[in-house]
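Reading through the structure tokens given below for one structure.
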Amino acid sequence: MDAAELESFREFVDNRSSALLKTAVLLCGGDRHAGEDLLQSALVKAAGKWQRIDEPEAYVRRILYRQQVSRWRLKWRGREVTVAEPPEGAGALDAAAAADLRVVMREALSRLTARQRTVLVLRYFEDLPEADVARLLGCSVGTVRSTTHRSLARLRTLAPELAAPGPPDTARQPSPDFSPVEVRP
């Protein structure tokens, strides 16, 4: 790598590392240290091929996704996550309540499998369409859909307080003074 390429790489890392780190941390279930390790190894791989990369951010993100997929395919980490009692239902969303929800979300994400977490991060944080997620993970679109469905169901089970309160039941109930009218053809 010559001096110009080295400067280009350093500039890229300075400008984009915080956004890439957010994605890496989410892919690792909220574990900042594991996210930093994931990003570091992705940047090392990208640095070796820097002169041939046309779109550096897309290339590094693809490395992040594929390395995370390789981690959960090759080695299952049998860690148990100890979680305190979930907080009571959130009232008005102030800064403290928002921080509590982020903690609950991080803990719930960490309790999902790496595959489930990866699919949710790609679909909802990165806002990628199902076809792109399938291509990145090397699986079919149907697999992405079913994994997304199961992941969201598990997330709702693990952290029901994350569910947005829905509108009241809108099923029409007849009013007390309602009397059905018989219509004849």
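Taken together, the values in this text are just the output of simple stated rules run on the coordinates, not laboratory data. Predicted model, so just to flag it, every value in this text is computed and none were measured. Here Cβ is always computed from backbone atoms with ideal geometry, including for glycine, and neighbour counts include all displayed protein chains.
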FRET efficiency, Asp2 to Arg32 (Cβ-Cβ, R0 41 Å, nearest 0.05): 0.75
Inter-probe distance in nm under a simple model that places probes 7 Å from Cα toward Cβ, at Ala98 and Ala131: 3.6 nm
